[in-house]
Amino acid sequence: MQFDFDGLIQVIANHLYSEKKVFIRELIQNAHDAIRRRARTDPGFGRIDIETHPQDLRITVRDNGIGMSKDDLVDYLSNIGKSFTRLQKEETEGLIGEFGIGFLSAFVVARHVQVRTRKLGENSGWVWENDGSKSYRLAPCDVSVPGTTVTVLLKEIEDRGLIQESEVRALIRKYADMLSVPIHLNGGHDPENTMHMPWEKAGLTAAELERDLTTYLERTLADSVLEPIPVRLHTPVRAEGVLYISRIRLLSVDQPRTIRVFQNRMFLCENATDVLPQWARFVNGVINTPDLTPTAARDNFIRDEQADQLRDTLGEVIIDHLDRLRQTHPERFTDIVRYHRLGFLAACYYYEAFFRRFAHLLLWRTNDRAIERGDPTRPGTAEMLRTLPEIIADIPHAPGETVRLACFTTASTASQYFDIANAAGGVVVNASYPYESELLEAYTRLPDVHVELAHVDRQDDPSFFRRLSPDEDSDIVRLAESMTLLLRTPAGAPIRTESRRFKPDDIAAVIRSDALSRAQQKAEEVRLDPNVSETLRQIAEELRQMTAQQSRRLTINANNPLIRRLARHDLTDRRVHDLMLAVYNNAILANQELITSQDAAIFHHQFQDLIGRGLDLLDAEGELQAIRDRLREDEERRRATTGRQPRHRIFFMITPFADHYRPLVQACRRVVEERWHAQLIVASDQQDDHRLLDNVELLMGQAHAFIAEITQANPNVMFELGAAFTDRHNRPFALLRERGVDPVLPADLRALLYIDYQMDDAGLEEHLHRELRKNTDIRSLVDDDGWARYLSPVRLRQLLPLVLDATIIERLAARFPTTADWESAETDHVAAILGKRDQDLAEPIITRVLHSGRP
Ligand code: ADP
Ligand code: MG
């Protein structure tokens, strides 16, 4: 068989290597292998020197390795596909070459390649030259020390960039950073490659190692590291390096990954995600292994059994690391799992193998039972993150017994269920995050796990919600029935209301979703799925509408004092209906997921209403206080007047209520009050004042004389007149009759004084004064000086030219009817009537009244 050299070079250049510059990598690899072979006898020996002369299109790679004999040059270097290195692999560890074609890559760019070499143990060397064809020249020559120098002269001037110093340096750092042989560039003192990796350093503490690994990763991979995971594997595959949990969060898009794979310390490839298990999307790293088989181009590895084994083993390394971290640094573990929560959950959900290994480490949100209710610094909604084994160990149960684990899967209900669980002294798991509800179910199916789930948001779990005894709580049951009839969702569906007893007492009601609302969610998912057929979507839409009718369930708490009070009210009252709605809204607020824009509008109105009613209450309270004050005053006065005769004279006037009689009443008042210094009480004036109406009987009893207007025989008048007559005690009566009006009554009412008057008479007052005095009983009463003088409100107003309210003046006059009363008046009593604003006037008012009241 023959081969075409140019054709082969074409294949290598265009179809094997993706980049021209890899020929430098191949020369470094050959130099490295030569040094390693020599190092079997000369340990710790060796150095590679690279010189670049871009001006001359020349690059030289020199090693002081084992060198080549004439036979080596002929049998291996010149023999394509034959590799001496491969044959040596058994004896020498860490050799990289094996295909016997790498050297050929120089001819992709070379016009001329020269190899000067002297084999270790020989006295002189050989020069091998080739201009890029099947034939080469081989001649003996002087080489001072063992080793090989390869010089490549570039063919094309545009390839000069490949051998720029900076390019070559970058190439060394990428491909040869881990090689344990120092590589010097253009005579530089320090090697360009790192050689010793941080995980290889002996005698580091765990913390130092972690710090070094983090620094190394962040410098070389330009990613930020959440948690480094050192890798040291011997069986079944060998590998070393460092993985790390990245700070880049898992998203649904393919986020950049940084996984570098080295084979025998020589860089192989980047972003080889399948060197790790699929679930480990939050892990990146640097892995060096001798056990992967590279492709001939050395830019990837063959997916063989070894690769599978490495991947699985690295998966174990990650889980073991997390397991240990959970034991040794639980807080740090929690932070990491919280940070990559969705990543871990998704990994568990999609990769059964990972779930089986990791399920016991997943963190779940539960209520924090250490929290006392009512502690404002630690709201009841505070959550704890714990693993399921920890949570289950905390639930009292006999060994081997199935544990009932309370959980809820509806989002945003955490606060209400946490409160309920805290109060009941129980624990409840919040499984509302994506995948959580499925994973919790899956956990119960794991071998050796004896757990049964109690969905408190769906089932009627008696440990949280106790049923009511019908006879004891019949009013609460009735309240629930009324609420079911009354309450509607914004969509118009009834809200099924049930009554239970649950803790804490201060939760009035909770909203629980049930299987139907889950069906509703599923229907919604189907409806929004673009790949679902139109018919299926329509069915989903119908299902959604149907289930929307029945999806809300309200549970009212018979332990709650407000509910108990509400249940005692008239359940048909419109205002009680408003309060039922308020109970429902209150429950919605604890379940923010359910708040729709309609709900928000309803809250708005209800709050406005509540504020309005609060204000009504405040106003009513003010009015009530005023009424209470006045009642107390009356009561006082009543107590003061009952049982003792007034010290001043009282005339009681009985008259129809009509406006027509007003001038008559006024004239009478002036006569009695201003001329005679007695008090005129007119029942009709005060008909709208209940306090006085109640007092009429009392006042009548105290009156010393009566004046009655009887012209029309007004029924009220006649009634009061009758009452006065039955209790007359010889008290004088005067009957007034309007002149010129047809009398209804007979002319004589036994021995009573009749006074005829004319309403529009200018001298009405004088007329009445004169006529009334004609009654001898009245006259002697009026002329008796032994009585205290009555101070009328009119008189009082004249005495007190102050800006006082008319009602205040009247109340003062009523409380202190005579000068004698004013003399014994206490400042406090006057001040109380004057009220806060004018209380300071009490003292001057008393002085003034007494001063000018004296005759
Ligand atoms: P590989 O490196 O895969 O063996 P190469 O084509 O790169 O294939 O090299 C072929 C052979 O040439 C090597 O196996 C080795 O025997 C020899 N060789 C190449 N470069 C050197 C060198 N610098 N020193 C010693 N031997 C070398
Ligand atoms: Mg090679």
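Taken together, Thr555, Thr572 contain a single residue that is modelled with pLDDT of 85 or more and either part of a helix (DSSP H, G or I) or open to solvent by 70 Å² or more (accessible area, probe 1.4 Å) (or both), which is Thr572. Pairs meeting the criteria (first residue in region 776-794 and part of a helix (DSSP H, G or I), second residue open to solvent by 30 Å² or more (accessible area, probe 1.4 Å) and at pLDDT below 85, beta carbons under 7 Å, at least 6 apart or on different chains) are Pro793/Glu810.
Each row is one residue, and each column tells you yes or no for (1) under 26 Å from Asp506 (Cβ atoms); (2) aliphatic (A, V, I, L, M); (3) under 20 Å from the mean Cα position of the chain (by Cα); (4) open to solvent by 10 Å² or more (accessible area, probe 1.4 Å).
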residue: Thr402; (1), (2), (3), (4): no, no, no, yes
residue: Ile420; (1), (2), (3), (4): yes, yes, yes, no
residue: Tyr443; (1), (2), (3), (4): no, no, no, yes
residue: Glu452; (1), (2), (3), (4): no, no, no, yes
residue: Asp460; (1), (2), (3), (4): yes, no, no, yes
residue: Arg466; (1), (2), (3), (4): yes, no, no, yes
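For region 55-63, the condition of being within 13 Å of ligand 1 (Cβ to nearest atom), open to solvent by 50 Å² or more (accessible area, probe 1.4 Å) and under 25 Å from Glu165 (Cα atoms) holds for at least one residue. It is to be established whether one or more residues within region 197-209 are aromatic (Phe, Trp, Tyr), open to solvent by less than 30 Å² (accessible area, probe 1.4 Å), touching a residue at least 60 places away in the same chain (Cβ under 8 Å) and in contact with a helix residue (DSSP H, G or I) (Cβ under 9 Å, 6 or more places away or on another chain). Checking region 197-209: not a single residue is aromatic (Phe, Trp, Tyr), open to solvent by less than 30 Å² (accessible area, probe 1.4 Å), touching a residue at least 60 places away in the same chain (Cβ under 8 Å) and in contact with a helix residue (DSSP H, G or I) (Cβ under 9 Å, 6 or more places away or on another chain). Checking each residue in region 120-141 for being closer than 18 Å to Asp71 by Cβ, open to solvent by less than 60 Å² (accessible area, probe 1.4 Å) and among the small types (Gly, Ala, Ser) picks out Ser124, Gly125, Ala139. In region 89-104, which residue that is at negative phi and more than 8 Å from ligand 1 (Cβ to nearest atom) is surrounded by the most Cβ atoms within 10 Å (Cβ to Cβ)? That would be Leu95.
Scanning region 358-397 for residues that are within 15 Å of Val428 (Cβ to Cβ), polar (S, T, N, Q) and modelled with pLDDT of 90 or more turns up just one, Thr366. For region 79-100, the set of residues classified as within 13 Å of ligand 2 (Cβ to nearest atom) and part of a loop (DSSP other than H, G, I, E, B) consists of Asn79, Ile80, Gly81, Lys82, Ser83, Lys89, Leu95, Ile96, Gly97, Glu98, Phe99, Gly100, listed by residue number.
Ala296 falls short of the stated requirement of being among the small types (Gly, Ala, Ser) and in contact with a strand residue (DSSP E or B) (Cβ under 9 Å, 6 or more places away or on another chain). Out of the residues in region 265-301 that are part of a strand (DSSP E or B) and closer than 24 Å to Asn14 by Cβ, which is most open to solvent (accessible area, probe 1.4 Å)? For region 265-301, the residue satisfying everything is Glu270.
Within region 338-354, being in a helix (DSSP H, G or I), open to solvent by 10 Å² or more (accessible area, probe 1.4 Å) and not small (Gly, Ala, Ser) holds for Arg338, Tyr339, Arg341, Leu342, Tyr349, Tyr350, Glu352.
Annotation: of all residues in region 68-78 being of a type outside the set (A, V, I, L, M, F, W, C) and either open to solvent by less than 60 Å² (accessible area, probe 1.4 Å) or within 10 Å of ligand 2 (Cβ to nearest atom) (or both), the one that is farthest from the chain's Cα centre (by Cα) is Ser69.
Return yes when Arg38 is in contact with a strand residue (DSSP E or B) (Cβ under 7 Å, 6 or more places away or on another chain) and either more than 19 Å from Leu120 (Cβ to Cβ) or open to solvent by 20 Å² or more (accessible area, probe 1.4 Å) (or both) and no when it is not. Against the criterion (in contact with a strand residue (DSSP E or B) (Cβ under 7 Å, 6 or more places away or on another chain) and either more than 19 Å from Leu120 (Cβ to Cβ) or open to solvent by 20 Å² or more (accessible area, probe 1.4 Å) (or both)), Arg38 does not qualify.
Taken over region 761-775, residues that are in a helix (DSSP H, G or I) and either closer than 29 Å to Leu841 by Cα or open to solvent by 70 Å² or more (accessible area, probe 1.4 Å) (or both) amount to 2. Being assigned to a strand (DSSP E or B), out of contact with any helix residue (DSSP H, G or I) (no Cβ under 7 Å at 6 or more places or on another chain), aromatic (Phe, Trp, Tyr) and open to solvent by less than 40 Å² (accessible area, probe 1.4 Å) is a property that holds for Phe262.
Applying the criterion of being aliphatic (A, V, I, L, M) and in contact with a Ser or Thr (Cβ under 8 Å, 6 or more places away or on another chain) to the residues of region 109-119, the residue that is surrounded by the fewest Cβ atoms within 10 Å (Cβ to Cβ) is Val113. Criterion applied to Glu19, Glu51, Glu26 was being within 14 Å of ligand 1 (Cβ to nearest atom) and either touching a Ser or Thr at 6+ places or on another chain (Cβ under 7 Å) or not in a helix (DSSP H, G or I) (or both), and the one residue passing it is Glu26. Could you please let me know if Ser180 is over 24 Å from Arg116 (Cβ atoms), hydroxyl-bearing (Ser, Thr, Tyr) and either assigned to a loop (DSSP other than H, G, I, E, B) or modelled with pLDDT under 95 (or both)? Considered against the rule, which asks whether it is over 24 Å from Arg116 (Cβ atoms), hydroxyl-bearing (Ser, Thr, Tyr) and either assigned to a loop (DSSP other than H, G, I, E, B) or modelled with pLDDT under 95 (or both), Ser180 comes out as yes. Selection of region 101-130 for residues being farther than 13 Å from Ile12 by Cα and part of a loop (DSSP other than H, G, I, E, B) yields Lys119, Leu120, Gly121, Glu122, Asn123, Ser124.
The values are calculated or read from the model by the stated rules, or taken from the named source; none is laboratory data. Here the structure is a predicted model, which means the values were calculated and not measured. Cβ coordinates were reconstructed from backbone atoms using ideal geometry, including for glycine residues, and neighbour counts include every protein chain displayed. Please note that ligands, DNA and RNA were not included when accessible areas were found on the heavy atoms of the full protein model with its side chains. Shrake-Rupley method; radii C 1.70, N 1.55, O 1.52, S 1.80 Å.
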